[in-house]
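Below is one structure, written out as structure tokens, with a few remarks after it.
The values are calculated or read from the model by the stated rules, or taken from the named source; none is laboratory data. Quantities reported herein were computed from a predicted structural model and do not represent experimental measurements. Please note: Cβ atoms are built from the backbone with ideal geometry, for glycine as well, and neighbour counts cover all protein chains shown. Accessible surface is based on the protein model in full, side chains and every heavy atom, while ligands, DNA and RNA are left aside. Shrake-Rupley method; radii C 1.70, N 1.55, O 1.52, S 1.80 Å.
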Amino acid sequence: METIKVVKFGGSSLADAKQFHKVYDIIKSDDTRRYVVPSAPGKRFKDDTKVTDLLYKAYSAKTELEFNATFSEIKARYQEIIDGLNLDVSLEDEFKVIEQDFKKGIGEDYAASRGEYLNGILLANYLGFEFIDAKDVIFIDEYGNYDVELTDKALSKALKKTNYAVIPGFYGSLNDKSKQIKAFSRGGSDVTGAIVSKNAHASVYENWTDVSGFLIADPRVVKNPAIIETITYKELRELSYMGASVLHENSVFPVRKEGIPINIKNTNHPDDPGTLIVESTCHKPTHVITGIAGRKGFATVMIEKDMMNSEIGFCRKVLQVFEDEKLSFEHMPSGIDTMTIVISTDDFIEKEQKIISTLHRAVQPDSIILESDLALIAVVGRGMKASRGVAARVFNALAKKNINIKMIDQGSSELNIIIGVRNCYFEAAIKAIYNEFIDD
């Protein structure tokens, strides 16, 4: 089978001419890297502004003076890249069209997408690849989700006609034949890369960024956490759901359905192996746990009623109260005579009294006890299933630091353990668990 790699580069990887050169070397070092998905230029330094943010600013400018100043800044960013790479290309005609469209009030999605569009033109010119405008091959519905049928038909046809191409990320066009530019609701260029990988029947989807893969824990909490070498899609979903800054689910499902692995790589350190995301693997994990993630700001609603377990429909009636208020819950640990709903404090607090009174009418509880100030921490790992005493080690690690566990919930898959602690113990709890399993 032919080896094909689809490579997506984030904004920091294409922020200036120096970064463009690194990207060029990466792509040209492997001729199986055939289809490239670029983001818009990101920050060149800490206090810099992303081109996408400049485009938003220009589009929403209140005065001609503000518009001209911002638009000139955008043009200068791209000219700096052109000059730095000695490219024989001009974007003047493109900028004239964009300026006219902005003044017509064409729409924010169009405005934001021009960063990827222009970067795609430059990168295609620099690499000597064909440029395929995403609006011609990727179709998105009004809610920001990609239209599978229309996109797969158009994109697969376009890719068959060329061996090497650049397709800008983040945007496509509405699936109503209007050709109106539409951006993805979430995931942006990562979603485009996944869709291109699917339709190119890629061997691997390389997602290049400014880190050498996913970290076992948040570096803002744990100093220099280890890299996750291999992670399954299920583990990834558990960690991302609990707040880990990883790929959005929308950017995973097109390749997951095709069994295509994703490799997270570092543009600034291309020889680092990065993190490999796979459907399943026989590779034994380095550690019992794969990662730790969590979020603060939860509340618990504990409903007590004698003989609750024998009352048919009790659970359904309780959840119906929350559903009617359009509130989703995070977890639902229960006992024989107790049922606890864990919910976001911000979502719950404005409706708490209405929910309490409605619960009383719905199920006639003996009591309802509310607690807030709760943080949830997920300990995730496929290695947990084959290891004894994982929960005991978690409890022991927290006990050593005098951290009281307010809640524990373990899924039947044995892939994760959810622990609830006070918000004030959040960072200390993550550090304690990390030290127990990673620095053991």
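Counting just the Cα atoms, what span does region 287-381 cover along each of its three principal axes? Round to the nearest Å and put the largest first.
The principal-axis extents, from largest down, are 47, 31, 20 Å.
Please report, to two decimal places, log10 I(q)/I(0) for region 385-435 at q = 0.31 Å⁻¹ as given by the Debye formula with identical point scatterers on the Cα atoms and no solvent.
-1.33
Using just the Cα positions, wrap region 168-269 in a convex hull and report its mean projected area in square nanometres, one decimal place.
In nm², the orientation-averaged hull projection of region 168-269 is 7.7.
Rule-of-thumb check for region 87-217: C-alpha Rg over 2.2 N^0.38 Å?
Here the answer is 1.09, to two decimals.
Quick one: in region 28-103, what % of C-alpha pairs are over 16 Å apart?
The share of Cα pairs beyond 16 Å in region 28-103 comes to 60 percent.
Using only Cα atoms, what is the ratio of the radius of gyration of region 1-146 to 2.2 N^0.38 Å?
Against the empirical 2.2 N^0.38 Å value, I get 1.08 for region 1-146.
If you average the alpha carbon positions of region 119-145 and of region 1-76, how far apart do those two centres end up, in angstrom?
Centre-to-centre distance over Cα atoms comes out at 13 Å.
Which sequence of Ser29, Ser178 reflects their accessible areas, 1.4 Å probe, from the largest down?
Ser29, Ser178
With each pseudo-label sitting 7 Å past Cα toward Cβ, what's the Asn435-Glu304 distance in nm, one decimal?
It works out to 3.6 nm between the two label points.
How large is the dipole of region 102-179 about the Cα centre if only Lys and Arg carry +1 and Asp and Glu carry -1, each at its Cβ, rounded to the nearest 20 debye?
360
Given the convex hull over the Cα atoms of region 187-243, what projected area results after averaging over all orientations, in nm²?
So the Cα hull casts an average projection of 4.8 nm².
Determine Rg/Rh for region 202-339; Rg is computed over alpha-carbon atoms and Rh is the Kirkwood hydrodynamic estimate from the same atoms.
1.11
Hey, what D do you get for the chain in µm²/s if you plug the Kirkwood alpha-carbon radius into Stokes-Einstein at 25 °C and 0.890 mPa s?
Diffusion coefficient, whole number: 101 µm²/s.
Order Leu85, Leu123, Leu276 by their accessible area, 1.4 angstrom probe, all chains in place, largest first.
Solvent-accessible surface, decreasing: Leu276, Leu85, Leu123.
Lysines near Lys431 by alpha-carbon distance under 18 Å, same-chain residues fewer than 8 away left out - which ones?
Once the sequence-local lysines are set aside, what remains near Lys431 is Lys223, Lys296, Lys400, Lys401, Lys406.
Go through Lys157, Lys305, Lys43 and list them by solvent-accessible area, largest first, probe radius 1.4 Å.
Lys157, Lys43, Lys305
Can you quote the Å³ per residue value for the convex hull of the Cα atoms in region 233-299, rounded to an integer?
In region 233-299, the Cα convex hull volume per residue is 135 Å³.
What are the ³J(HN,Hα) couplings of region 256-261, residue after residue, when phi is run through the Karplus curve with 6.51, -1.76, 1.60 and θ = phi - 60°? Round to Hz, x for glycine and proline.
3J(HN,Hα) across region 256-261, in whole Hz: 4, 5, 9, x, 8, x.
When each pair of different Cα atoms in region 1-55 is counted once in the 1/r mean, what is the Kirkwood radius in angstroms, to one decimal?
12.1
Rounded to a whole number, what is D in µm²/s for region 117-159 from Stokes-Einstein with the Kirkwood radius over alpha-carbon pairs (4 °C, 1.567 mPa s)?
Approximately 113 µm²/s, per Stokes-Einstein.
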